[in-house]
Amino acid sequence: MKLIKFILVGFIFGIVLTKAEAVSWYRIYEMFQFQSFHMYGIIMVAVLTGLIGIQIIKKYNLKDFSGAPICIPDKEPATVRYIAGGIIFGLGWALAGSCPGPIFILVGSGFTSMILVLLGALIGTFIYGVFKDKLPH
Amino acid sequence: MELIYHTWSWYISGFLIGLVMLSLIFFGKNFGMSSNLRTLCSLAGAGKKVLFFDWDWKSQRWNLAVVAGAMLGGFVATHYLSDVSNVAINPKTIEQLQAMNIDAPNGKLMPDALFSNQVFESPKSIFILIIAGIMIGFGSRYAGGCTSGHAISGLSNLQLPSLKAVIGFFIGGLIMVHFILPLIL
């Protein structure tokens, strides 16, 4: 029962990403060709909304729904992993036209071929797990 | 109703994605989709062989619930809330794609040339989709997050590491679209 609210949040996320066409291969291609403002607008407004919300949470020390203080962990400082991992991710993002959220959303929408991308993503995650300690971070 | 069937504007969509992230914070969690891939590997038993997958993945059930909801949301939006006016991308983009034999959207989210069920008959297409997935899975775990964890959550919390990751995302994406895609399509 506790999971229902998360299913609901996910449901809204799936609808918004689909209706915004952020799950569309075309929109990602168009974005990387700088031929539309659409995707940049979405990312900018999402970040701005989050930024304002997080500033309010921090300023007023807001509590979460259970009354516990909200703490958002900082990302661990590093450079190589973010740039190298980021570039590899970006190559895949532009090729498949989707990042992990949209992969799941498109599989749910009935795009059977996206199961191949999901399968690849699981293999890729597994490969990282195997070689984690040998990679520069 | 037209407002719902047409493409949602970037400002409404962006605002709602920001709210999705904030609502997860309010529920005591953090927004990040790629970590579900790690959870699914653990669920499949990868923890028996590889230490990275031997962790408290059951604490991530909430995130799998978000995924289940997102899949359902995608299904409803694609099948009941869409029309042929959708995915009206730049005509110049359509022209460029046609030169590479990629069909125009005409309301479709995905080009048939890359994602129709015919790809299952082409080893090259299967290979492309699996390799793309491998890069997404490997890259997001190496970078510690994807578009949701770094671009949306990280940047809105003013995290420098997330900025580095997002710069990486765009370097990779630009290389793919401008230099690699024209070679392989």
With θ set to phi - 60°, apply the Karplus curve 6.51 cos²θ - 1.76 cosθ + 1.60 along the range B:173-181 and write out the HN-Hα couplings as whole Hz, x wherever there is a Gly or Pro. x, 5, 4, 4, 5, 8, 10, 8, 3
Spatially proximal lysines relative to B:Lys108 (Cα-Cα < 16 Å; intrachain offsets below 8 disregarded): A:Lys19
The range B:72-116 accessible area per residue, 1.4 Å probe, protein heavy atoms, integer Å², reads 50 Å²
Relative contact order of chain A, pairs being alpha-carbon contacts under 8 Å that are 6 or more residues apart, as %: 30 percent
Flagged as over-length at 28 Å C-alpha distance, from B:Lys92/B:Lys164; A:Lys5/A:Lys58; A:Lys134/B:Lys164; A:Lys5/A:Lys75, the pairs are B:Lys92/B:Lys164
Rounded to whole Hz, the Karplus (6.51, -1.76, 1.60) HN-Hα couplings of the range B:41-54, x for glycine and proline: 4, 5, 4, 7, x, 5, x, 6, 9, 10, 4, 4, 9, 9
What's the center-to-center distance, using Cα atoms, between the range B:86-153 and the range B:17-79 in Å? 22 Å
Can you give the accessible area of B:Asp112 in Å² (nearest 10), computed on protein heavy atoms with a 1.4 Å probe? 80 Å²
Among the trypsin sites (Lys or Arg not before Pro) in the range B:28-87, which ones are in a DSSP loop with at most 12 other Cβ atoms within 10 Å of the Cβ? Mind listing them? B:Lys49
So what is the diffusion coefficient of the range B:39-185 in µm² per second by Stokes-Einstein at 4 °C and 1.567 mPa s, using a Kirkwood Rh over Cα pairs? 70 µm²/s
Calculate log10 I(q)/I(0) of the range A:43-137 for q = 0.22, 0.25 Å⁻¹, where I(q) comes from the Debye formula with a single equal point scatterer on each Cα and nothing for solvent. -1.09, -1.18
Would you mind telling me the share, in percent, of accessible area of the range B:58-185 contributed by carbon and sulfur at probe 1.4 angstrom? 67 percent
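Charges only on Cβ, +1 for Lys and Arg, -1 for Asp and Glu: so what's the dipole of the range B:1-105 about the Cα centre, in debye to the nearest 20? Provide the component values of the computation, followed by the final result.
Working: 7 positive and 6 negative charges, 127 e Å.
In total the dipole reaches around 600 debye.
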If the viscosity is 0.890 mPa s and the temperature 25 °C, what translational diffusion coefficient in µm²/s does Stokes-Einstein give for the protein assembly as shown when Rh comes from Kirkwood over Cα pairs? 125 µm²/s
Charge dipole (debye, nearest 20) of the protein assembly as shown; +1 at Cβ of Lys and Arg, -1 at Cβ of Asp and Glu: 1000 debye
Using 7 Å Cα-to-Cβ label points, what is the B:Lys58/B:Leu163 separation (nm, one decimal)? 4.2 nm
Computed Rg/Rh of the range B:119-158, alpha carbon atoms with Kirkwood Rh: 1.23
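On average over all directions, what projected area in square nanometres does the range B:1-40 have, based on the convex hull of its Cα atoms?
Spelled out: convex hull of the Cα atoms, projected over all directions, averaged, 4.2 nm².
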What are the extents of the Cα atoms of the range B:22-102 along their three principal axes, listed from largest to smallest and rounded to whole Å? 49, 32, 22
Going by Cα centres, the range B:160-185 and the range A:52-123 are how many Å apart? 16 Å
Give me the net charge for the shell around B:Gly28: Cβ to Cβ below 12 angstrom, other residues only, Lys and Arg +1, Asp and Glu -1. +3
Amide H neighbours of A:Lys63 under 5 Å, counting only residues 5+ apart in sequence or on other chains, H built in-plane at 1.01 Å? none
Which ³J(HN,Hα) values in Hz, rounded to whole numbers, follow from the phi angles of the range B:3-19 under the Karplus curve 6.51 cos²θ - 1.76 cosθ + 1.60, where θ = phi - 60° and Gly and Pro get x? 4, 6, 6, 6, 4, 6, 5, 5, 6, 5, 4, x, 4, 5, 5, x, 5
Would you mind counting up the charge near B:Ser59? Only other residues with Cβ under 14 Å from its Cβ, with Lys and Arg at +1 and Asp and Glu at -1. +3
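Given R₀ = 22 Å, FRET efficiency for B:His79-B:Glu121 by Cβ-Cβ distance, to 0.05? Mind showing how you got there, number by number?
On the way: r = 25 Å, r/R0 = 1.15.
Computed FRET efficiency for B:His79 and B:Glu121: 0.30.
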Across chain A, where is the longest run that never hits chymotrypsin sites (Phe, Trp or Tyr not before Pro) in a DSSP loop with at most 16 other C-beta atoms within 10 Å? A:66-137
For chain B, the longest principal axis of the Cα atoms and the Cα long axis of helix B:123-142 enclose an angle in degrees, to the nearest 10, of 40 degrees
Here the membrane-span-like helices of chain A, with no claim about any membrane, defined by DSSP H, Cα axial extent at least 18 Å and mean Kyte-Doolittle at least 1.0, are A:4-19, A:38-59, A:80-96, A:114-131
Projected onto the charge dipole of the protein assembly as shown (unit charges on the beta-carbon of Lys, Arg, Asp and Glu, signs +1, +1, -1, -1), the Cα from B:Asn90, A:Ile52, A:Leu118 with the largest positive-side position is that of A:Ile52
Please list, or write none, the lysines whose alpha carbon is within less than 20 Å of the alpha carbon of A:Lys2, excluding same-chain residues fewer than 8 places away. A:Lys63, B:Lys29, B:Lys58
Let me have the relative contact order for the range B:1-117, percent, based on Cα pairs under 8 Å that are six or more residues apart. 21 percent
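The values are calculated or read from the model by the stated rules, or taken from the named source; none is laboratory data. Note that this is a predicted model, so its numbers are computed, not measured. Every residue, glycine as well, gets a Cβ built from its backbone with ideal geometry; the counts of neighbours run over all protein chains shown. We work out accessible area using only protein heavy atoms, side chains counted, and drop any ligands, DNA or RNA first. Shrake-Rupley method; radii C 1.70, N 1.55, O 1.52, S 1.80 Å.
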